[in-house]
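Here's the structure, in structure tokens; my notes come after.
The values are calculated or read from the model by the stated rules, or taken from the named source; none is laboratory data. These numbers were taken from a predicted model, which means no experiment stands behind them. Don't worry about glycine lacking a Cβ; one is built from the backbone with ideal geometry, like all the others, and counts go over all protein chains shown. To get the accessible areas, we keep the full protein, side chains included, count just its heavy atoms, and leave off ligands, DNA and RNA. Shrake-Rupley method; radii C 1.70, N 1.55, O 1.52, S 1.80 Å.
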Amino acid sequence: MKTVIALSYTKGKPIGFAIFDLSGRLIKRFGVKAFEKEKLFNYLRSFGSPACVVVEKEKIPKLAKEIARAFGIPALAPKKDLSESEIHELTKSYTYKNPYEKHAIAAGLYLFSKYREIFREIDEILQNMGLEEHADRAKELVLLGKASTPFQAIESAIDFSLLKKKEKETGKKFKSVLEKEDWKEKYENAVNYIKKLEEKIRELEEENKFLLSKAPEKDVELVERVKALEKELMLLKEELQREKELRKKAEEKLYLVEEEKYIEKQGLIPVVRIKDFSHESISELKNTVRIFKRPVLVECSEEDEKAARYLAKLHPLLVIGDFPEKIKAIFIKAGIPVITKAEIEEKITKFKKLAGVERDFLKEFLESRKKKSFLEWLEMYRKRFL
């Protein structure tokens with residue numbers, strides 16, 4: 001895993017660190033007062049391979065430069081010091097133990113806000129290609145200054161000729177989005193960790209309750225212990241919520257993996273079902289299941305040109321649905337065949353999340369539509385202007 005090391009350093013004060021992955025997720029925050037450089041660098045390395053170090057001030061401190069040299073990565077900084085109001089705005093939804101961690105988190109978040117759009121496009125393009133395991137390398141090239149557009153980054157990160165050669169030699173196609181990660185393991189790990197967190201929270205709540213019942217109002221030591229426990233409880237509960245969200249995501253992915261495999265065992269081609277034909281819904285769906293080069297079934301008949309253009313950009317294999325001419329034209333112009341639900345009704349089977357279409361029917365349909373698509377598009381536009 002590639003990481004971003006964010007730090008905040010003021011001479012004579014503790015150093016705040018925040019470690020992010022290249023998706024912008026905060027994976028660790030901590031502060032240090034005294035340290036041995038070798039041990040510190042090894043600890044930073046334990047989270048993954050650093051892609052850059054970033055600070056919240058215009059002037060890059062000596063320690064940040066030393067970290068950059070040690071890992072052979074760039075040291076980045078804003079054009080001017082982040083103001084306290086900017087730092088507060090960036091970190092308002094995060095928790096931290098002290099102002100040093102807060103400033104370090106802000107430095108990392110500032111970096112991701114700067115590269116948000118290009119990183120989003122890299123993720124989207126690679127996900128649609130089924131090659132998102134190369135996202136870290138593509139983003140790293142951007143941070144290194146070796147690529148300024150998502151396409152430059154992707155082309156530099158992936159040797160497409162080597163991938164095609166390997167696919168041809170092995171006879172194996174690139175794995176689908178769902179197959180790339182062991183979602184069963186992710187789900188089980190999340191479930192086990194949630195149990196541990198819940199048990200820890202119960203223990204701390206019991207301890208806190210006991211101390212509150214015993215501590216005299218003027219017993220400073222016990223009062224401070226209660227405050228520390230309450231803060232630890234808050235942090236654990238936030239972590240518990242994140243793990244529950246991860247478990248839910250893994251559970252959904254795991255179900256899709258199993259359903260996709262079942263559909264393929266029936267000799268059918270998996271079909272992505274779109275129940276809400278809107279840009280927002282399709283954007284959310286593509287983060288769950290691959291749309292690129294797969295049949296898509298649009299189950300509603302809303303006239304949303306924005307949604308149609310967005311779906312066309314994701315380039316499905318074909319679109320099944322009942323559309324008005326102007327929506328149908330968007331897909332055909334993009335080279336995406338369109339078939340009505342009535343034409344395919346007897347050849348498609350719906351499952352809980354996905355659908356399946358007969359392999360031979362799909363092959364024959366695509367071959368026949370290759371010849372018709374361009375003529376259909378010309379005819380549609382002829383009608384629009386007459």
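Cross-link partners for Lys57 among the aspartates and glutamates, with Cα-Cα distance under 19 Å and sequence neighbours closer than 8 places in the same chain left out: Glu66, Asp81, Glu84, Glu86, Glu89, Glu101. Share of pairwise Cα-Cα distances greater than 17 Å in the range 1-100 is 50 percent (whole percent). Over the range 2-78, accessible surface divided per residue gives 48 Å², non-protein components excluded, 1.4 Å probe.
Normalised by the residues of the range 75-147, what does the relative contact order come to in percent, with Cα pairs under 8 Å and at least six apart?
Values: 23 pairs, mean separation 13.5, N = 73.
Worked out over the range 75-147, it gives 18 percent.
Based on the Kirkwood radius over alpha-carbon pairs, what value in µm²/s does the Stokes-Einstein equation return for the translational diffusion coefficient of the range 258-374 at 4 °C and 1.567 mPa s? Before the final figure, lay out each step's value.
Details: Rh = 14.2 Å.
Value of D from the Cα-based Kirkwood radius: 91 µm²/s.
Length available on full extension from Met234 to Lys293: 0.36 nm per residue minus the Cα-Cα distance, which gives 16.8 nm. Label zone (Lys11, point 7 Å along Cα-to-C-beta; backbone nitrogen cut-off 17 Å) within the range 48-92: 57-66.
Treating r as the C-beta distance of Glu264 and Glu38 and R0 as 56 Å, the FRET efficiency rounds to 0.65.
Taking the convex hull of the Cα atoms, report for the range 97-151 its projected area averaged over all directions, in nm².
Details: hull surface 18.0 nm².
Over all viewing directions, the range 97-151 projects a mean Cα-hull area of 4.5 nm².
Model label sites at Ser113 and Lys200, defined 7 Å from Cα along the beta-carbon direction, differ in position by 3.0 nm.
Hand me the GluC sites (Glu not before Pro) from the range 42-92 located in a DSSP loop with no more than 11 other Cβ atoms within 10 Å, in residue order please. Show your work: numbers first, answer last.
Values: sites: Glu56, Glu58, Glu66, Glu84, Glu86, Glu89; in loops: Glu56, Glu58.
Hits after loop and neighbour filter: Glu58.
The alpha carbon centroids of the range 103-158 and the range 273-340 are separated by 26 Å. Dipole of the range 63-166 computed with +1 at Lys/Arg Cβ and -1 at Asp/Glu Cβ about the Cα centre; of Ser83, Ala107, Ala70, farthest Cα towards the positive end is Ala70.
So what is the relative contact order for the range 255-354, in percent, with contacts set as C-alpha pairs under 8 Å and at least six apart? Intermediate values should be presented prior to the final figure.
Working: 142 pairs, mean separation 26.7, N = 100.
That works out to 27 percent.
Quick one: pull the percent of accessible area on the range 28-79 belonging to carbon and sulfur, 1.4 Å probe, ligands and nucleic acids left out. C and S atoms contribute 52 percent here. Measuring between alpha carbons in the structure, the pairs from Lys59/Lys227; Lys37/Lys139; Lys333/Lys363; Lys114/Lys306 lying more than 30 angstrom apart are Lys59/Lys227.
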